[in-house]
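Right, one structure below, let's go through it.
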Amino acid sequence: MIPSISLLGARRFLPLFVTQFLGAFNDNLFKNALIFFVTYSVYNDVGAETTFSAVATGIFILPFFLFSALAGELADSHDKAAIMRTIKWAEIGIMIVGATGIFLELTWVMLLALFAMGVHSTFFGPIKYAVLPQHLAKEEVLGGTGLVEAGTYVAILAGTIAGGLLHPHHAAIAVIGVAVIGMLAARAIPPAPPSVAIKIDWNVLRSSIRLVRATMHVRRLFLAIVAISVFWSIAAMIAVLFPPLVKNVYFAEPSVASSFLAVFSIGIAIGSVIINRLLKGEVSARYAPASVLAMGGFLIDFWFTSRGWAPVVPGLADLPTFLRDPGAIRVFFDLAGISITGGMFVVPLYAFLTTIVDQSQTARTVAANNIVNSGAMVIGSVGILGVTNLGIELVNALWVLVATATVSAYAAWRLHQACD
């Protein structure tokens, strides 16, 4: 890891690292500030809160489904550094719109900005991986990828915590400032011209279908993408349930919800380290079925922990007050278990996306995965909303996540068999 860290002092890597770090931070700061603001300040009904959380999650994910194919084609056929600078300029305008929505308390404006941030992330995602082989030596690519992944997890953690702790108006100002800094960092990224000429298909529906078909015919790739997609549908359902769950089941403030999400970010990072140690660099899915089944077990215990939770104090508890409850340790233990085993499950599967295909197709392969992932996440968000609208309590909706985990375990087991 020491040689990898030395890349942070290189101009061919540091500006990219800073740019993607600030982008991931801003995504999560704005998204969580928006959801917590509406959940705690606008609505006072569990049904409305769950619906808004599902709508916000779906709106942010939808661009990945619509535009990932176009993003992959652009990343493989144009100067990636120039595209990143354009994206970061757009982020400044998006955050100005989002901040205006927060100050004026206009929900539709906030959701419009959230959708635009989803578009921003859709186009940036494939580029940050595809540019590394152009700027780094072959023996540095793995280390650079690891640093980008680690930076993303830290940025998600920091943005999640800030979104729950900052006053909405302060968060609105912060996202604009972070976007400006990100744009300045992007200006220092070295050129990354395309290696092949690709004709862009601007029909996003046709190009998406063609890209997915071209990718999914490889059996191992197909099984990896299916397993990853089912996993991220679980993550989407968790994102929908957490804000109303924390407010209406745990009777706690946004700082507690933010800490829940922070544990998830840390846990996934820990899980990725553990599985890398176990596999010793080998691309294998042999631990994936057991990992996701263990995640299902932690979800079941989380259901037992959440059922019948009694308020710690009248009203909503802040984080220090919540931590004084004897059951809080078990809650965080379950959350850590869910996220660690989730990280152990999903991280090795991403290796298949970049090792099975030719380097010139990496961005489009990641884009195809993003299309299927986002479709699964939208289905998960809408599905869990439908379950709660049928009258099933928030706590009991956790069983849908448990059932979905078994499906993901089956796909991972089939992948392991295919690799053998």
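The values are calculated or read from the model by the stated rules, or taken from the named source; none is laboratory data. Note that the structure is a prediction, hence the values are computed from the model and not measured. Positions of Cβ are backbone-derived with ideal geometry, glycine not excepted, and every protein chain shown enters the neighbour counts. Side chains are part of the model used for accessible areas, which takes the heavy atoms of the whole protein and leaves out ligands, DNA and RNA. Shrake-Rupley method; radii C 1.70, N 1.55, O 1.52, S 1.80 Å.
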Applying the span-like rule to the chain (DSSP H, Cα extent along axis at least 24 Å, Kyte-Doolittle mean at least 0.5) gives 14-37, 46-77, 80-104, 107-130, 141-165, 168-186, 219-248, 254-279, 288-306, 328-355, 362-389, 398-419
Give the shape of the range 275-339 as rounded, prolate or oblate, defined through the alpha-carbon gyration tensor: a ≥ b ≥ c are the square roots of its eigenvalues, a/c under 1.5 means rounded, and otherwise the shape is prolate if a/b is larger than b/c and oblate if not.
prolate
Stretch Ile379-Phe333 to full length: gain in nm at 0.36 nm per residue minus the Cα-Cα span?
13.7 nm
Calculate for the chain the 222 nm mean residue ellipticity that helices alone would give, adding -39,500 (n - 2.57) per DSSP H run of length 4 or more and normalising by residue count, nearest 500 deg cm²/dmol.
-27000 deg cm²/dmol
Mean-square fluctuation check for the chain, GNM, Cα pairs under 10 Å: which of Leu323, Leu62, Leu245 is largest?
Leu323
Between Arg324 and Leu278, the two model label points (7 Å from Cα along the beta-carbon direction) sit apart by a distance in nm of 3.9
Taking R0 as 51 Å, what's the FRET efficiency between Ser41 and Ile209 from their Cβ-Cβ distance, rounded to 0.05?
0.80
For Ala48 and Asp79, extending 7 Å from Cα along the Cα-Cβ vector and measuring point to point gives, in nm, a value of 5.1
Around Ala113, under 15 Å between beta carbons, what's the net of Lys plus Arg minus Asp minus Glu among the other residues?
-2
Which pairs in the list Lys31/Lys128; Lys128/Lys247; Lys88/Lys280 are over 27 Å apart, alpha-carbon to alpha-carbon?
Lys128/Lys247; Lys88/Lys280
Treating only the Cβ atoms of Lys and Arg (+1) and Asp and Glu (-1) as charged, compute the dipole magnitude of the chain about its Cα centre; round to the nearest 20 debye.
940
For Cα pairs less than 8 Å apart in space and 6+ apart in sequence, what is the mean separation divided by the residue count of the chain, i.e. the relative contact order in percent?
28
Pairwise Cα inverse-distance average, inverted: Kirkwood Rh of the chain (Å)
21.7
Counting only heavy atoms of protein chains, what accessible area per residue, in Å², does the chain have with a probe of 1.4 Å?
41
Computed over the Cα atoms of the range 306-345, what is the convex hull's projected area averaged over all directions, in nm²?
3.4
In this structure, the FRET efficiency calculated for Leu106 and Trp309 from their beta-carbon separation, with R0 = 35 Å, to the nearest 0.05, is 0.55
Pop out the carbon and sulfur fraction of the accessible area of the chain as a percent, whole number, probe 1.4 Å.
68
Stretch gain in nm, segment Leu14-Arg219, where the contour uses 0.36 nm per residue and the Cα spacing is subtracted
70.2 nm
So, R0 is 35 Å and r is the distance between the beta-carbons of Ile96 and Ile392; what FRET efficiency does that work out to, to 0.05?
0.30
